[in-house]
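Visitor: Before anything else, here's the structure in question.
The values are calculated or read from the model by the stated rules, or taken from the named source; none is laboratory data. Not measured: the values here are computed from a predicted model. Cβ placement follows ideal geometry from the backbone for every residue including glycine, while neighbour counts extend to all protein chains displayed. Ligands, DNA and RNA are stripped out before the accessible areas are found, and what is left, the full protein with its side chains, is counted by its heavy atoms. Shrake-Rupley method; radii C 1.70, N 1.55, O 1.52, S 1.80 Å.
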Amino acid sequence: MSSLTEKDRPIVQLLLNTGTCPRCILRFCCVASQTLYRRPYKDLMKDLKEFLKNNQEKEDTVSFDVVDPPCKRIRLEDTEEQPDDLNHNGVLQQIPSVNDENTAMENSAVTVCNVCLGILQEFCEVDFVKKVSQKVNSTDYQFTGFVFSVSLPPQLSVRERAAWLLVKQETGKLGLSLAKDDIVQLKEAYKWIIHPQLSEELGVPADGKSLFEVSVVFAHPETDEECHFLATACPDCFKPAKNKQSVFTRMAVIKALEKIKEEDFLKHFPCPPSSPNNLCVAVEIQCNNGAVFVAGRYNKYSRNLPQTPWIIDGERKLESSVEELISEHLMAEFKADSFNFSSSGREDVDVRTLGNGRPFAIELVNPRRIHFTAEEMKGLQQTINNSSDKIQVRDLQLVTRSAIGRMKEGEEEKTKTYSALIWTDKAIQKEDIAFLDDIKELKLDQKTPLRVLHRRPLAVRCRIIHTMQSEYIDEHHFRLRLKTQAGTYIKEFVHGDFGRTKPNIGSLLSRTADILELDVESVDVDWPPALEN
Amino acid sequence: RICVITLAEAHPLLQNGKTITSINYQISANCSRLQNKVSGKSKRGAQFLTELAPLCRISSSDGEEYTIYSCIRGRLIEVNENILSNPAILQEKPSTEGYIAVVLPKFEESKSITQGLLTQKEYEEVLLKRLNSSS
């Protein structure tokens, strides 16, 4: 083995004797060549033994054949536990052999590695890769790359630490120092091996930037309690959290391992780690696609439609909603699990949204389909528009998550224009309302309107009405167009809200005024980018 | 459900000839309704009112003093300070700008409180009865 040198020999010997698999041995010898790890298991084992044997010719003292009790050899023909094989170190059990070649090799004793618990053994074999790719292909995800993520049981960190301490001790004898960072991480080595195989099965490359994630969760129930000693040594690392089953999460265990002193660790945990009887189990193989975002602008033509579903005590008060009318079709096309609707401000049930419409964005969670051409998006827009006359959408397009921020800044900062139909109790003539057109930058003090006071804090808001334009209708009616600061309550500006919005149309006209109809004429946000329709 | 407390139609203060001389939100040595401060959505810190809790005392030029009661159990959200600076609106627009206070009852009591109130029609009947019995 070209990457191993003389100084690695005692470590290789030690780890092999104590039940560590070839790939973990390479890791602890800081071998960083990815191709080496990808070699078949039996070849690696053979080469390691060759490497050790070469030493035999040179030195007499190193005795290869002395095998301590901790190293368990298993008869490959046995497929069941033999009670008489019990010794003080535990029960011997066979690992199911992954391909026929192994059974022919009577010399290959396949113990479950005491450090990786089989991850760099069984779970690197083609059978497992096929299992994963079968799971992926059984779903209907559309993807051009993948991210492979692995969740390892926390006790692996504990065993890794124990093995490191063992190796550190050994290299110390040679007068060499071993830094933890030089050791190849288990997850990294595992991905070196899995990525090319999985990539070949799925026909797409492994890509760190891909939104498509294949995740595998491993567990090893047999050794779950190995972490528990850390709770007595570092109790403050393990606080019970409401939504976690076990307090011994990976993060908590890693944190505790950083804190615990070497001597304390060695007091509570065997070094080298014991050989387990069983392999890890892949409890979950799941696929997930990152969320995609669809943005656009909507018009609302109904005076009887809420923006979001209006449900009180499980009872729906009004049929449908803007959000449902738009996302229904998106959910079907993108085949997502769920959606999150947000918009640049909103309007009341009885208010129409005219003009260019209001910007909105929908996050589609875990979509199965993610690629749509501009043509397809136009088609989707048409489908939505054909399905309802209460709403219409435009500029429908895919956007990035960061683009949502631009929409929200519109909510706070940008102006809006409205058109209100106003009634007055006392008669008005054209001259009585003309002066409104000349008022610029009118400052309002608006206390939280009574109609929302039950669910909003009491406060006073200063808002500005930039311009107004009046249109006389008759002695008791006129239309008013206004351009206002974001967050202005228009209805309250008209009727005064018991005098809690000052000034108001009533006070300006010295009459009692009320609002009959309100329309949003424009939302002055230049996002999302307008598309040629 | 938000409640707005106003003077009833038949209140003496709203009858002809009454002039208001003062309105006082200090209802006892320790309690001024003007000091009511609420914070947050759940209106923490609000003075809690029972039906007979006084909101304010109003004096008229003929020497009479009237105590206005809450009539509703709940948190006091705000009292109308506009009537302090402009008492005229209390008589001119008692049901809108001349309101006395805003109270927010407990969510669970909302329904029972509404049921305990009179509708406009029922109130008018009460007034009629009053007129008939006094004549």
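Visitor: Apply the Karplus parameterisation 6.51 cos²θ - 1.76 cosθ + 1.60, with θ equal to phi minus 60°, to every residue of segment A:330-336 and state each ³J(HN,Hα) to the nearest whole Hz, in sequence, with x for glycine and proline.
Guide: Using θ = phi - 60°, the values come out as 5, 4, 5, 5, 7, 6, 9 Hz.
Visitor: Once amide H atoms are built 1.01 Å from N in the peptide plane, which residues 5 or more positions from A:Thr467, or in another chain, come under 5 Å H to H?
Guide: Under 5 Å from the amide H of A:Thr467 lie the amide H atoms of A:Glu441, A:Lys483, each far enough along the sequence or on another chain.
Visitor: Right, another one. So if I average 1/r over every pair of distinct C-alpha atoms in segment A:131-185 and take the inverse, what Kirkwood radius in Å does that give? Mind dumping the intermediate values first?
Guide: On the way: mean 1/r = 0.0673 Å⁻¹.
After inverting the pairwise mean of 1/r, the radius is 14.9 Å.
Visitor: A further question on this structure: Considering only the other residues whose Cβ falls under 9 Å of the Cβ of A:Ile193, what net charge follows from Lys and Arg at +1 and Asp and Glu at -1?
Guide: Cβ neighbours under 9 Å give a net charge of +3.
Visitor: Between segment A:7-44 and segment A:204-241, what's the alpha-carbon centroid distance in Å?
Guide: 24
Visitor: Percent of accessible area on the protein assembly as shown owned by carbon and sulfur, 1.4 Å probe?
Guide: Ligands and nucleic acids excluded, carbon and sulfur reach 49 percent.
Visitor: Related question: Under a plain spin-label model, where a point goes 7 Å from the Cα along Cα-to-Cβ, how far apart in nm are A:Lys46 and A:Arg451?
Guide: So the label points at A:Lys46 and A:Arg451 sit 8.3 nm apart.
Visitor: If B:Lys41, A:Lys168, A:Lys135 are ordered by their accessible area, calculated over protein heavy atoms with a 1.4 Å probe, which sequence runs from highest to lowest? Write out the running numbers ahead of the final one.
Guide: Numbers: B:Lys41 135, A:Lys168 65, A:Lys135 85 Å².
Largest accessible area first, the list is B:Lys41, A:Lys135, A:Lys168.
Visitor: With only Lys, Arg, Asp and Glu charged, each at its Cβ (+1 for the first two, -1 for the last two), find how big the charge dipole of segment A:405-533 is about the Cα centre; round to the nearest 20 debye.
Guide: 700
Visitor: Counting only the heavy atoms of the protein chains, how much of A:Tyr301 is accessible to a 1.4 Å probe, in Å² to the nearest 10?
Guide: Counting only protein heavy atoms, A:Tyr301 exposes about 100 Å² to solvent.
Visitor: Please give the FRET efficiency for B:Glu64 paired with B:Ser110, using the beta carbon to beta carbon distance and R0 = 30 Å, rounded to the nearest 0.05.
Guide: 0.30
Visitor: Per-residue accessible area for B:Glu108 at 1.4 Å probe radius, Å² rounded to 10?
Guide: In the full protein context, B:Glu108 sits at about 140 Å².
Visitor: Next question, about the same structure. Cβ under 12 Å from A:Gln392's Cβ, A:Gln392 left aside: what net charge do those residues give with Lys, Arg +1 and Asp, Glu -1? Don't skip to the end; give the middle numbers.
Guide: Details: positive: A:Arg297, A:Lys300, A:Arg352, A:Arg358, A:Lys390, A:Arg394; negative: A:Asp389, A:Asp395.
So the environment of A:Gln392 carries a net charge of +4.
Visitor: Quote the accessible area belonging to A:Tyr41 in square angstrom, nearest 10, computed with a 1.4 Å probe and with ligands, DNA and RNA left uncounted.
Guide: The accessible area of A:Tyr41 comes to roughly 30 Å².
Visitor: Here's a follow-up. Take the alpha-carbon centre of segment B:25-76, take the same for segment A:468-493, and report the distance between them in whole Å.
Guide: Here the answer is 36 Å between Cα centres.
Visitor: Also, quick follow-up: What does DSSP give for the protein assembly as shown in terms of the percent of beta bridges that are antiparallel, rounded to the nearest 5?
Guide: In the protein assembly as shown, approximately 90 percent of DSSP beta bridges are antiparallel ones.
Visitor: Hey, another quick one. If you fit an axis through the alpha-carbon atoms of helix A:41-56 and take the longest principal axis of the Cα set of chain A, what angle between them do you get, 0 to 90°, nearest 10?
Guide: 40
Visitor: Step through the table entries A:Lys440/A:Lys502; A:Lys46/A:Lys180; A:Lys416/A:Lys491; A:Lys447/B:Lys41, compare each Cα-Cα distance with 19 Å, and write down the pairs that go over it.
Guide: Table pairs above 19 Å Cα-Cα are A:Lys46/A:Lys180.
Visitor: Enter the mean projected area of the convex hull around the alpha-carbon atoms of segment B:34-135, in nm², rounded to one decimal. Provide the component values of the computation, followed by the final result.
Guide: Numbers: hull surface 34.8 nm².
Result: 8.7 nm².
Visitor: Right, another one. Taking a probe of 1.4 Å and counting only protein heavy atoms, give the total accessible area buried between chains B and A in Å², rounded to the nearest 100.
Guide: 1200
Visitor: Pairs of alpha-carbon atoms within less than 8 angstrom and 6+ residues apart define the contacts here; what relative contact order does segment A:416-523 have, in percent?
Guide: Here the relative contact order equals 41 percent.
Visitor: On a 0 to 90° scale, report how tilted helix A:155-173 is relative to the longest principal axis of chain A, with both axes built from alpha carbons and the result rounded to the nearest 10.
Guide: With rounding to tens, the tilt is 50 degrees.
Visitor: For segment A:416-523, treating each Cα as an identical point scatterer without solvent, what Debye log10 I(q)/I(0) comes out at q = 0.14, 0.17, 0.20 1/Å?
Guide: So the normalised log intensities are -0.50, -0.75, -1.04.
Visitor: Net charge near A:Leu325: determine it from the other residues with C-beta under 11 Å of the C-beta of A:Leu325, scoring Lys and Arg +1 and Asp and Glu -1.
Guide: Here the count lands on -3.
Visitor: Among A:Lys173, A:Lys483, what's the order by accessible area (1.4 angstrom probe), most exposed first? Display every interim value, and only then the final one.
Guide: Values: A:Lys173 145, A:Lys483 80 Å².
Order by accessible area, largest first: A:Lys173, A:Lys483.
Visitor: Each residue of segment A:424-430 in order: what ³J(HN,Hα) in whole Hz does its phi give by Karplus 6.51 cos²θ - 1.76 cosθ + 1.60, θ = phi - 60°, with x for Gly and Pro?
Guide: 10, 6, 8, 4, 10, 10, 3
Visitor: Could you grab the relative contact order for segment A:1-53? Cα pairs under 8 Å, six or more apart, rounded to a whole percent.
Guide: Reported relative contact order: 48 percent.
Visitor: Further question on the same structure: GNM, chain B, Cα, under 10 Å: largest mean-square fluctuation among B:Gln26, B:Gln120, B:Gln47?
Guide: Largest GNM mean-square fluctuation: B:Gln120.
Visitor: Let me ask you something else. May I ask you to evaluate 6.51 cos²θ - 1.76 cosθ + 1.60, the Karplus curve with θ = phi - 60°, for each residue of segment A:145-153 and list the ³J(HN,Hα) values in order in whole Hz, giving x for glycine and proline?
Guide: x, 8, 10, 9, 10, 10, 10, 9, x
Visitor: Could I ask something else about it? What pairs from A:Lys191/A:Lys267; B:Lys18/B:Lys129; A:Lys300/B:Lys93; A:Lys443/B:Lys111; A:Lys53/A:Lys267; A:Lys300/A:Lys443 go past 27 Å between their alpha carbons?
Guide: A:Lys191/A:Lys267; A:Lys300/B:Lys93; A:Lys443/B:Lys111; A:Lys53/A:Lys267; A:Lys300/A:Lys443
Visitor: Could you work out how far helix A:374-387 tilts from the main Cα principal axis of chain A, as a 0 to 90 degree angle to the nearest 10?
Guide: That works out to roughly 50 degrees.
Visitor: Suppose accessible area is computed on protein heavy atoms with a 1.4 Å probe; arrange A:Arg451, A:Arg401, A:Arg39, B:Arg33 from highest to lowest.
Guide: The most accessible residue leads, giving A:Arg401, A:Arg451, A:Arg39, B:Arg33.
Visitor: So what is log10(I(q)/I(0)) for the protein assembly as shown at q = 0.12 1/Å, when the Debye sum runs over its Cα atoms only?
Guide: -1.24
Visitor: Skipping prolines and chain starts, which residues have an amide H placed within reach, meaning under 5 Å, of the one on A:Ile473, given they are 5 or more residues away or on another chain?
Guide: A:Phe478, A:Arg479
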